[in-house]
1. Would it be correct to say that Leu378 is buried (at least 16 other Cβ atoms within 10 Å of the Cβ) and within 27 Å of Pro79 (Cβ to Cβ)?
2. Only one residue in Ala361, Ala302, Ala371, Ala328 is within 16 Å of the ligand (Cβ to nearest atom) and in a helix (DSSP H, G or I). Which one?
3. Pairs, please: C-beta under 8 Å, at least 6 apart or cross-chain, first residue closer than 18 Å to Lys329 by Cβ and not assigned by TED's automatic domain parsing to the domain that holds Ala16 and in region 72-87, second modelled with pLDDT of 95 or more and hydroxyl-bearing (Ser, Thr, Tyr)?
4. Given (1) of a type outside the set (Asp, Glu); (2) within 15 Å of the ligand (Cβ to nearest atom); (3) open to solvent by 20 Å² or more (accessible area, probe 1.4 Å), identify the lone condition not met by Leu199.
5. Please go through region 100-132 and pick out each residue that is small (Gly, Ala, Ser) and either open to solvent by less than 20 Å² (accessible area, probe 1.4 Å) or over 19 Å from Glu231 (Cβ atoms) (or both).
6. If a residue has to be open to solvent by 10 Å² or more (accessible area, probe 1.4 Å), out of contact with any Asp or Glu (no Cβ under 9 Å at 6 or more places or on another chain) and not small (Gly, Ala, Ser) to count, how many in region 209-223 make the cut?
7. Taking Ala135 as the residue in question, decide whether it is in contact (Cβ under 8 Å) with a residue 12 or more places away in the chain, within 16 Å of the ligand (Cβ to nearest atom), open to solvent by 10 Å² or more (accessible area, probe 1.4 Å) and not in a loop (DSSP other than H, G, I, E, B).
8. Among Gly185, Gly176, which is modelled with pLDDT under 95, part of a loop (DSSP other than H, G, I, E, B), closer than 16 Å to Tyr241 by Cβ and not aromatic (Phe, Trp, Tyr)?
Amino acid sequence: MRLDRHHELFQKSVRAVLERLVMPELDDWEEAAHMPTHQLYRSLGEEGLLGLTLPVGDGGLGLDIGYAHVWARELGRLPAGSPAMSLSVQTDIVLPLLAEEGGADVRATYLRPAVRGELVAALAATEPGGGSDLAAVRTTALRSSKGLRLNGEKAFITNGSVADFAVVLCHLREAGTDQDANRPGGLDSLALLLVPTNLPGVYQERYTGKLGNRACDHGRLTFTDVVVPEENLLGRPGSGYEALTRVFTRERTFLAAVCAARAETMLDRAAAHARGRAVLGRPLLEHQAISFRLAELDAELALVQQYTEAVFHLLDESAAALRQASIAKLRASRLEREVADLLLQVHGGEGYLNGGPVERAYRDARAYGLAGGADEALLHLIAGHPRTGI
Ligand SMILES: Cc1cc2nc3c(=O)[nH]c(=O)nc-3n(C[C@H](O)[C@H](O)[C@H](O)COP(=O)(O)OP(=O)(O)OC[C@H]3O[C@@H](n4cnc5c(N)ncnc54)[C@H](O)[C@@H]3O)c2cc1C
């Protein structure tokens, strides 16, 4: 998968769409800490942007993974992190999962409408008791004659309070066996269950007051005796962990590209400001302390971009790449944070003011040290520790 002139043409058209549909409203959305998620998804669905790499039979465009890379980079160029954070869940986490693991009913009822932007998706893995440790998952789906009875609670879920359905990480238990006791299960009982949020017993609640990505919705989900049809179970029995591994591989690769694009945009902004602002009679850029720091971060950016591109190649070849994707996401998100810090630093007091793009970039940059796998959880995996971490 090499990015060719078709990808370049696509990049231009995506940029034009985002400039038309997102840019004019973005500052207002951030200020109001709210974006019209359903409306935005419908508009982007009409442009075909929610199913780039999905099979044509599922309503997608059937394009190669290079188009997802371009999409990630263009979302990363936006001057606020919220759209990328919300949309990445739809386009590069949940919908590819449904296309790979969903049965005919799931594809017809959820996947196709979600590709059109008529439904908003969430991935609900984290629980109040812990997000980095799969052994901490307590949510349970108990098989009964009526379907799967779901009980549990999920926390910090992107799109959580606006989603029309959530893919929920849970333990699958058989009724009438000693498995149904209320105790934690092993990796082999992990399952991914598609749960429509309009079912009785589902409760969605929005978090208010966040450090960054303020327009993006984050919510808490509670499931109390929710009866979910058996056909909403994704994948084969016992394949939940495998499916999760694939989900995290694509998610982390995509997020690495978003973070790298955000770092690039901020570096350009920092360099432009350093060129125009004089201190001690010469531009900041001519002070070695600043120019070397910019150069150092620029060099790191080049490496992160190359590495991330290489991980997209692995995805294109359907190779196992969870470790590589975790490395890319770890380094890209750390780089984003470092660049955000420098950007604020070169802007001096002006950068510290509430509501400006510099302050917002600094706040937004903090998220991916946690979301998509906390840094230390990724290091745990990269170090090759036993597979209990997310
Ligand atoms: C903006 C945002 C969006 C999110 N979106 C989603 C979503 O859509 N779906 C979803 O399921 N979750 C989501 N999350 C939750 C996120 O995945 C978790 O916050 C993350 O996995 C950490 O889990 P935790 O918060 O429970 O912290 P804990 O698991 O309690 O970990 C606390 C801290 O411990 C450290 N730590 C973790 N593992 C190790 C280790 N092995 N060794 C040493 N130290 C370690 C890390 O510093 C970590 O931050 C989101 C979080 C944020 C902030």
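The values are calculated or read from the model by the stated rules, or taken from the named source; none is laboratory data. Computed from a prediction, not measured in an experiment: that's the story for all the values here. With ideal geometry, Cβ positions are generated from the backbone for all residues, glycine too; neighbour counts draw on all protein chains shown. For the accessible areas, the whole protein counts, side chains as well, though only heavy atoms, and no ligand, DNA or RNA atoms are used. Shrake-Rupley method; radii C 1.70, N 1.55, O 1.52, S 1.80 Å.
1. Values: buried (at least 16 other Cβ atoms within 10 Å of the Cβ): yes; within 27 Å of Pro79 (Cβ to Cβ): yes.
Here the answer is yes, as Leu378 does meet what is asked.
2. Values: Ala302 fails: within 16 Å of the ligand (Cβ to nearest atom); Ala371 fails: in a helix (DSSP H, G or I); Ala328 fails: within 16 Å of the ligand (Cβ to nearest atom).
Only one candidate qualifies: Ala361.
3. Listed pairs, sorted by first residue: none to list.
4. (2)
5. Taking region 100-132 and keeping what is small (Gly, Ala, Ser), we get 102-104, 108, 114, 117, 121-122, 124-125, 129-132.
Of everything in region 100-132, those that are small (Gly, Ala, Ser) and either open to solvent by less than 20 Å² (accessible area, probe 1.4 Å) or over 19 Å from Glu231 (Cβ atoms) (or both) turn out to be Gly102, Ala114, Gly117, Ala121, Ala122, Ala124, Ala125, Gly129, Gly130, Gly131, Ser132.
6. Number satisfying all stated conditions: 2.
7. On the way: in contact (Cβ under 8 Å) with a residue 12 or more places away in the chain: yes; within 16 Å of the ligand (Cβ to nearest atom): yes; open to solvent by 10 Å² or more (accessible area, probe 1.4 Å): yes; not in a loop (DSSP other than H, G, I, E, B): yes.
The answer is yes for Ala135.
8. Working: Gly176 fails: closer than 16 Å to Tyr241 by Cβ.
Just one listed residue meets the conditions, Gly185.
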